[in-house]
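**Q** Below are the structure tokens for one structure; questions will follow.
The values are calculated or read from the model by the stated rules, or taken from the named source; none is laboratory data. All of these numbers come straight from a predicted model, not from anything done at the bench. Neighbour counts are summed over all protein chains in view; Cβ atoms, including those assigned to glycine, are modelled from backbone coordinates with ideal geometry. These accessible areas exclude ligands, DNA and RNA; they are computed on the full protein's heavy atoms, side chains included. Shrake-Rupley method; radii C 1.70, N 1.55, O 1.52, S 1.80 Å.
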Amino acid sequence: MTDITLAVLDMAGTTVSDDGVVEQSFADAYDATPVLHGFGTRDAVRAYAKATMGQSKIEVFGELTSSYDDAVVANLAFEKAFADLVASGACTPLPGAVETITRLRDSGIAVVLTTGFSKQTQDALIDSLGWGDLVDLALCPADAGRGRPFPDLNLTALIRSRTLGVQNMLVAGDTSTDMLSATRAGAAYAVGVLSGAHDEELLRANGATDILAGVAGIPALLGLDG
Ligand SMILES: [Mg+2]
């Protein structure tokens, strides 16, 4: 038996296929509004999106623009582009994600989904996947205070799920910021998955305790049967 009673799982790149959808949405936002042009080329913005994957998007746009108002404009353009891609079916469950979430919950482990998107975008993504009843809870930065790399999302998941302590929490994600947020929250497991943005070296350098090909490996990692 495992001591883990809470699994906090990232969305894009961890449980949901990314396939460049987030990066593409940054590029589309670049084309839609000049406020991002001061940062550099379209490719430069795209590369920055990849490097900062997992962070709160409004924070990232704050770094790409020179004022809060411009960050809001860029974020809205990003959200519209992403919503259009989601509506066209661009995001799908990653292999084994649904089965893993179901397996964990059947074992008495609460499952909370986290993201760097706004609530509106997170809700649209969950609706498009038909995941409304699949998980215990879904949290975005606005629900928690600060987004990743801060620990707030994980600690909010712990409080909201009435989990006993951080020693009972597993956090899984595909980015360096997911691993930082996990270790800063004191999670027993900071599981880096290779199904998304960042490689093993970067995940380990930021505190990954375990590396898996994808979330489908989590039940075995926890010693759950079947
Ligand atoms: Mg991710």
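**Q** List every residue whose amide H lies under 5 Å from the amide H of V16, counting only residues 5 or more places away in sequence or on a different chain, with H placed 1.01 Å from N in the peptide plane.
**A** So V16 has HN proximity to L94.
**Q** Order these peptides, 6-16, 73-83, 200-210, by their mean beta-carbon neighbour count within 10 angstrom, highest first.
**A** Result, highest mean Cβ count within 10 Å first: 6-16, 73-83, 200-210.
**Q** Per DSSP H run of n ≥ 4, the term is -39500 (n - 2.57); total these for the chain, divide by its residue number, and report the mean residue ellipticity at 222 nm rounded to 500 deg cm²/dmol. Walk me through the numbers before you get to the answer.
**A** Numbers: 11 runs with 103 residues, N = 226.
That calculation yields -13000 deg cm²/dmol at 222 nm.
**Q** Still on this model: Please state the charge dipole magnitude for the chain, taken about the Cα centre, from unit charges on C-beta atoms (+1 on K and R, -1 on D and E), reported in debye and rounded to the nearest 20. Don't skip to the answer; put the middle values down first.
**A** Details: 14 positive and 29 negative charges, 92 e Å.
Approximately 440 debye in magnitude.
**Q** Pick from S67, S181, S25: which is most flexible by mean-square fluctuation in a GNM of the chain where alpha carbon atoms under 10 Å apart are linked?
**A** Sorting by GNM fluctuation, first place goes to S67.
**Q** List the residues whose amide H sits under 5 Å from the amide H of L6, counting only those 5 or more places along or on another chain, with H placed 1.01 Å from N in the peptide plane.
**A** When sequence neighbours closer than 5 places are left aside, the close amide H contacts are A110, L170.
**Q** A follow-up question, please. Pop a pseudo-label 7 angstrom from the Cα along the beta-carbon direction at both D19 and V72 and give the gap in nm to one decimal.
**A** Spacing of the two 7 Å Cα→Cβ label points: 3.5 nm.
**Q** Please work out whether the stretch 21-87 counts as rounded, prolate or oblate from its C-alpha gyration tensor, where a ≥ b ≥ c are the square roots of the eigenvalues and a/c under 1.5 means rounded, while otherwise a/b larger than b/c means prolate and anything else oblate?
**A** rounded
**Q** Could you order D127, D31 by accessible surface area, starting with the largest, using a probe radius of 1.4 Å?
**A** Values: D127 115, D31 95 Å².
Accessible-area ranking of D127, D31, largest first: D127, D31.
**Q** For C91, what accessible area in Å² do you get when you roll a 1.4 Å probe over the heavy atoms of the protein chains, rounding to the nearest 10?
**A** 10 Å²
**Q** Per-residue counts of other Cβ atoms within 10 Å, averaged by peptide: what ranking do you get for 117-124, 166-173, highest first?
**A** Result, highest mean Cβ count within 10 Å first: 166-173, 117-124.
**Q** What does the C-alpha gyration tensor say about the overall shape of the chain? Classify as rounded when a/c is under 1.5, otherwise prolate if a/b is larger than b/c, or oblate.
**A** prolate
**Q** Picking from A216, T115, S195, whose Cα lies most toward the positive end of the charge dipole for the chain (charges on Cβ: Lys, Arg +1; Asp, Glu -1)?
**A** T115
**Q** Going toward the positive end of the dipole of the stretch 21-87, with +1 on Lys and Arg Cβ and -1 on Asp and Glu Cβ, which of T65, G38, T52 do you reach last?
**A** T52
**Q** At 1.4 Å probe radius, can you tell me the per residue accessible area of the stretch 1-103 in Å²?
**A** In whole numbers, the stretch 1-103 has 43 Å² accessible per residue.
**Q** Next question. Just to be sure I understand the model, the point goes 7 Å from the Cα along the line to the Cβ. What's the resulting A44 to E200 distance in nm?
**A** Roughly 3.5 nm, to one decimal.
**Q** Report the full-extension gain for the segment R146 to H37: residue separation times 0.36 nm, less the Cα-Cα distance, to one decimal in nm.
**A** On the way: separation 109, 0.36 × 109 = 39.24 nm, distance 2.66 nm.
Going from the current span to full extension adds 36.6 nm.
**Q** Name the residue, out of P95, P34, P149, whose mean-square fluctuation peaks in a Gaussian network model built on the chain with Cα pairs under 10 Å.
**A** Highest fluctuation among the options: P34.
**Q** Taking the Cα centre as origin and putting +1 on Lys and Arg beta-carbons and -1 on Asp and Glu beta-carbons, what dipole magnitude results for the stretch 21-87, to the nearest 20 debye?
**A** Working: 5 positive and 10 negative charges, 28 e Å.
It works out to roughly 140 debye.
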